[in-house]
Amino acid sequence: MRYLASVAMVVASLSAFPRVGHADVVVVGSTQLPISQISVTNLRDLYTGRTRQLGALPVTVIDRNDDSPDRGQFISKTLGFSPEEFHTVQRVVEYIGKPDNPPKVARTRLQMLEMVANSSNALGYVSKKEFAELSRQWRIKEIRITPE
């Protein structure tokens with residue numbers, strides 16, 4: 001139990017002072033998703049596996065594979081974690097048994113767009129350039145990130 005409390009403190013300290021900057025990716029959702037903004041904290045909680053809901057709204061989290069440049073940008077500049085910190089938080093959440101519904105993984109940018117557009121409650125991310133070029137072709141919208 002002491003170990004679990006120590007791990008929780010490490011997780012909290014990793015996200016206490018986020019290094020969030022301007023990202024080259026945007027958070028996107030289906031045009032049917034009934035939100036237009038999300039806090040950084042809620043986004044971190046969804047992507048680390050702490051929760052799969054925003055209030056009463058279940059959310060399908062779509063992530064990219066580890067070697068995706070978009071994923072690296074998203075983790076560091078949007079979520080404010082280093083890749084090592086992000087993996088640590090995910091492992092801790094797994095250890096305490098939280099993620100009963102892990103993020104779905106899109107292997108390509110095209111698959112990310114398809115998965116988000118075809119699910120009414122999906123949340124994902126794409127490059128700003130792709131969003132500008134392709135958002136009209138796909139049923140996706142930008143989800144604005146708020147500080148808290």
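The table for this structure:
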item	result
Wholly enclosed helices (runs of 4 or more DSSP H) of region 51-146 bearing at least 1 residues within 11 Å of Val28 (Cβ to Cβ), of a type outside the set (Phe, Trp, Tyr) and more than 13 Å from the chain's Cα centre (by Cα)	109-117, 128-134
Qualifying residues in region 55-71 (those that are among the small types (Gly, Ala, Ser) and surrounded by fewer than 16 Cβ atoms within 10 Å (Cβ to Cβ)) - the one modelled with the highest pLDDT	Ala56
Subset of region 25-50 that is in a loop (DSSP other than H, G, I, E, B) and modelled with pLDDT of 90 or more - its residue that is nearest to Glu142 (Cα to Cα)	Ser36
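The values are calculated or read from the model by the stated rules, or taken from the named source; none is laboratory data. Note that the structure is predicted; figures quoted are calculated from it, not measured. Note that we place each Cβ from the backbone using ideal geometry, even for glycine, and neighbour counts take in every protein chain shown.
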